[in-house]
Amino acid sequence: MDKVLFIKMVLGAWNIRIAQLDKLFGELPDEQLQKEIAPGKNTGVYILGHLTAINNRMIPLLNLGNELHPGLFKTFVETPEKEIVATPTVKELRQAWKDINKELDALFERMQPDEWFERHNSISPEDFAKEPHRNKLNVVITRTCHLDYHAGQLVLLK
Amino acid sequence: MTTPQQLSKHFKDVFFGGNWTAVNLKDTLEGITWQQATTKVHNLNTIAVLVFHIDYYIDVVLKVLQGEPLNASDKYSFGLQPITSGEEWRKLVNKTFEQAELFANRIEGLDDKKLFEDFADPKYGNYFRNLAGIIEHTHYHLGQIVLLKKILYESQDQ
């Protein structure tokens, strides 16, 4: 297996999806993003916050440092939209989305090929010994699918 | 676990469960009646059309994995014949999951090297890109099906 080529393919898919979402968020003005995806459902802003929070959490998960924006996970992953008390502005969220993805891009760039096949921080050494495919690169694959899942919903705002 | 086995697992996870997003097609379609599956919500595709669309691409890619030529057209990918009974709906769902099983088995049996060979034609990229693309495509429309199901169930409760 050509590790470098495999990594390139996985990161390529990730980058394409990030770029597609960048474009989609860019096409949706604030007032459109603030609408519910469907009546009674989450707004586009919540999904933007949710995706940003999950990407932000990837930094410590991959053992690459600390989250750039602590607090996003609690607000946009652990709390349903209707129970959120205080939320960042749309402008702040748009900026956080860009900053976090830029930071991830830079961090990924610095990783050596073998590092991608190491254990991430949410699997124990014992479990990893049994399931080595649950490595850092696998996190990128699952998070790309997560972006896809919500991208399919966000297009409904257009 | 080889890379094709890992891809196969991601594919099976989105269809049958176990993926990181904790949502899968089989559980999501469980309990949906043919009437719900064919109910149009706003201007969106129906659940039945989205299931057909997901299966359409699995079918064409599966044929290539089975040694047949690539024969796909986007314009036919939403061309579901009208569904007018529970039997027709079940037939579509069963066919989708049967194809998914075959597809997963085919991926699992691939050689690592095959992943980086051209998929039918160089313009379509390599096998990895197309197989990962099918997984991402399923997540994308699964996100929409989940949303449609919630809307349909809520409108039924009212």
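The values are calculated or read from the model by the stated rules, or taken from the named source; none is laboratory data. Since the structure is predicted, the reported quantities are computational estimates derived from the model, not experimental observations. Note: ideal-geometry Cβ built from the backbone for every residue, glycine included; neighbour counts use all protein chains shown.
Is it the case that some residue within region A:75-83 is surrounded by 14 or more Cβ atoms within 10 Å (Cβ to Cβ), at pLDDT 95 or above, within 14 Å of chain B (Cβ to nearest Cβ) and in a helix (DSSP H, G or I)? No: region A:75-83 contains no residue that is surrounded by 14 or more Cβ atoms within 10 Å (Cβ to Cβ), at pLDDT 95 or above, within 14 Å of chain B (Cβ to nearest Cβ) and in a helix (DSSP H, G or I). Residue B:72 meets all of the listed conditions (1) loosely packed, with under 13 Cβ neighbours inside 10 Å; (2) at pLDDT below 95; (3) away from chain A (no Cβ under 14 Å) but one, namely (1).
Cβ-Cβ contacts under 7 Å between residues 6 or more apart (or on different chains), taken from a first residue in region B:107-136 that is within 12 Å of another protein chain (Cβ to nearest Cβ) and in contact (Cβ under 8 Å) with a residue 40 or more places away in the chain to a second residue that is assigned to a helix (DSSP H, G or I) and of a type in the set (Val, Ile, Thr), are listed as B:112/B:3; B:115/B:3; B:130/B:61; B:131/B:107; B:134/B:58; B:134/B:61; B:135/B:14. Got at least one residue in region B:42-62 being on the phi > 0 side of the Ramachandran plot, away from every other protein chain (no Cβ under 13 Å) and part of a loop (DSSP other than H, G, I, E, B)? Looking for residues that are on the phi > 0 side of the Ramachandran plot, away from every other protein chain (no Cβ under 13 Å) and part of a loop (DSSP other than H, G, I, E, B), one finds none in region B:42-62, hence no.
In summary, residue B:39 fulfils each of the numbered conditions (1) within 14 Å of chain A (Cβ to nearest Cβ); (2) under 25 Å from residue A:6 (Cβ atoms); (3) more than 12 Å from the chain's Cα centre (by Cα); (4) not charged (D, E, K, R) with the single exception of condition (2).
To keep it simple, each residue is scored yes or no on (1) over 30 Å from residue B:84 (Cα atoms); (2) not hydrophobic (A, V, I, L, M, F, W, C).
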residue	(1), (2)
B:1	yes, no
B:12	no, yes
B:23	no, no
B:27	no, yes
B:35	no, yes
B:38	no, yes
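Might you check whether a residue that is surrounded by fewer than 18 Cβ atoms within 10 Å (Cβ to Cβ) and touching a His at 6+ places or on another chain (Cβ under 8 Å) occurs anywhere in region A:61-69? The answer is yes, given that some residue of region A:61-69 is surrounded by fewer than 18 Cβ atoms within 10 Å (Cβ to Cβ) and touching a His at 6+ places or on another chain (Cβ under 8 Å). Pairs are defined by a Cβ separation below 6 Å, a sequence spacing of at least 6 or placement on different chains, a first member in region B:53-72 that is under 15 Å from residue B:118 (Cβ atoms), and a second member that is in a helix (DSSP H, G or I) and aliphatic (A, V, I, L, M); the pairs so defined are B:61/B:134; B:70/B:64. Applying the condition of being free of Cβ contacts under 8 Å to residues at least 60 places away in the same chain and within 10 Å of chain B (Cβ to nearest Cβ) to region A:120-145 and asking which residue is surrounded by the most Cβ atoms within 10 Å (Cβ to Cβ) yields A:145.
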